[in-house]
Each structure stands twice: as C-alpha cells, then as structure tokens.
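Enquirer: One structure coming up, written as structure tokens, with questions to follow.
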Amino acid sequence: MAAPPLGRLVLTHLLVALFGMGSWAAVNGIWVELPVVVKDLPEAAAFQGLLLLLPSPPSVPTGSPGPGLQVGAPGVEEEEEEEASPLQEPPSPAADATPSPEPVAPRLLSTHVAFLLGLLAVTNALTNGVLPAVQSYSCLPYGRLAYHLAVVLGSAANPLACFLAMGVLCRSLAGLGGLSLLGMFFGAYLMVLAVLSPCPPLVGTSAGVALVVVSWVLCLGVFSYVKVAASSLLHSGGQPALLAAGVAIQVGSLLGAVAMFPPTSIYQVFRSGKDCVDPCGP
C-alpha cells in the first residue's frame, strides 16, 4: 500500500494536536477555576454537581499524553522483534519441532498482563480521581501562586513524561513497580498536606511552596510515564489487551472519583482556609 501524501499526514497530526489541546484546555480550566467559582458563585455545590454531566472525551488506551487522545511510544512494534516484551513468554523446546497453528502471543490472563492492568487502574484512580480532589487543599494554604504553579507545571509534566517514554521506554516490570511506588510516595505527601489543611507543615515559607509544587510535578510526571509505558507494553498483546487496558483505565478513574466523594463532599474531611483570616496563628 502506498504511503499517504505528506500534506495529509501533516494535516492529520495538526488536527490531532488541536483535539488534544482542546481537551486539555477544558479539563485544566475546570480544575483551575473550580475552587474560585464554587466558593464565590451563588450556585456553590450545585455548580460542582453540574460538572458531572460533562461527557468525558474518548480515549485510546495506548498511552496517556492527554484526556482526549492518547498515543503510544513509536517504534514499539519494530523493537519487539529485537527485544522480547515482558508480555511474551519464551517458546518451549517443543515449539521448534512442532509448528504451532497460531503465532506466539502474550496470554491476556498472564501474571505480567494482570500486573500492567493493575498499574493502569491504580495510577488512573490516583491521577484522575483521588489527587485532583485534594489539589486545592494541599496547595492553597501555601498561597495562590503555589496552587497556580502546581496546576500549570503539573499539567506540563504529563506531556513531557510522554515524550520521555517515546525515547526511553522502561520494559521492566520491576522498574515500573518502583516508579509507581515513587509516585505514591509523593502522592502520600500531598494527601497528608491536604488532611492537615489549612495548617500544613512549612506553611508561610518558601520551602513549603517549593516542596508542594515539586511534589505535584514529580507525582504527575512519574504516573504519566508509568501509564504510557504500561499501555505501550500492552500494545503487543493486540486488541484484547488494549480493550482490557481501556477497561482498567476507566474503572480505575471511576473508583478513584467515587472513593473521594464521601470524604470531600459529605464528611468534610478536608478543610479550606478563609480569606483574610490566619487559621494557623496563635
């Protein structure tokens, strides 16, 4: 089959980029403005409930550069011939003597696939449900500048991590597990700050601002890289593995959002500060 014209490829890539930018602008705009509009508008919590009616953009589980369109790391299929994927099982000695009617393919229910699907579910639960629900509580005690930097730089860490995965893809399950634990470490720190709001440690200091911003950037960046790497490895499993990855992404995101609704909206576990009032003073 002849390759498509260069002009068509450029137009396709441009449309994909615009589609991703549009989805990110909508999502980030909501998260940036939500603490302000919910606090100041007469609709208050009612307004937050209306946001649940917004449809989620569709996603293809082959990476995670944005909520609207997701792409995987290039060259994965070509490298599979040179470097075995952790999803692929080594051929048995009898395979050389007896030809198999089907090509060697990863088993969907293998331990490796289950591990990658679990990583996708957990990381998406944290990045799409748990952590966004407490971002304002963890950042605003340190000032609006800290909150602004955490949102903007955290969002920038996502595509940067995806570009990193395009060039350096971790194929080790142990490596991905270690990166996930590192991201959970930063996530746990941010959760502690949210629980201690409005008087978290180092409030009112430059060190506190730097720590919360760096923690958000590294947490989102590490989790974004893990999601891209796990999805790229599952790509070698074909359509069944990709379908399972999509289910894991959506189910994890749903469970994370549902789990954070009671503590944030019903039991008021997290508390926010008031303007012109110092709740941490003597």
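Enquirer: Using only the heavy atoms of the protein chains and a 1.4 Å probe, how would Phe185, Phe115 rank by accessible area, largest first? Spell out each step's value before the answer.
Expert: Numbers: Phe185 140, Phe115 80 Å².
Solvent-accessible surface, decreasing: Phe185, Phe115.
Enquirer: Evaluate E = 1/(1 + (r/R0)^6) for Leu15 and Arg171, where r is the Cβ-Cβ distance and R0 equals 35 Å; express this FRET efficiency to the nearest 0.05.
Expert: For R0 = 35 Å, the calculated efficiency reads 0.65.
Enquirer: Sticking with this one: Which sequence of Ser172, Ser23 reflects their accessible areas, 1.4 Å probe, from the largest down?
Expert: Working: Ser172 55, Ser23 10 Å².
Per-residue accessible area, sorted high to low, gives Ser172, Ser23.
Enquirer: Rounded, prolate or oblate: which fits the stretch 144-209, taking a ≥ b ≥ c as square roots of the Cα gyration tensor eigenvalues, rounded meaning a/c under 1.5, else prolate when a/b beats b/c? Can you show the working numbers first?
Expert: Details: a/c = 3.62, a/b = 1.74, b/c = 2.08.
Taking the square roots of the gyration eigenvalues as a ≥ b ≥ c, the stretch 144-209 is oblate.
Enquirer: Classify the stretch 172-257 as rounded, prolate or oblate, taking a ≥ b ≥ c as the square roots of the eigenvalues of its Cα gyration tensor: rounded when a/c is under 1.5, otherwise prolate if a/b is larger than b/c and oblate if not.
Expert: Because a/c hits 1.5 or more and a/b exceeds b/c, the stretch 172-257 counts as prolate.
The values are calculated or read from the model by the stated rules, or taken from the named source; none is laboratory data. This one's a predicted model, so the numbers in the text were calculated from it and none came from an experiment. In this analysis, Cβ positions are derived from the backbone assuming ideal geometry, glycine residues included, and neighbour counts consider all displayed protein chains. Just so you know, the surface numbers come from the protein's heavy atoms only, side chains and all, with ligands and any DNA or RNA stripped out. Shrake-Rupley method; radii C 1.70, N 1.55, O 1.52, S 1.80 Å.
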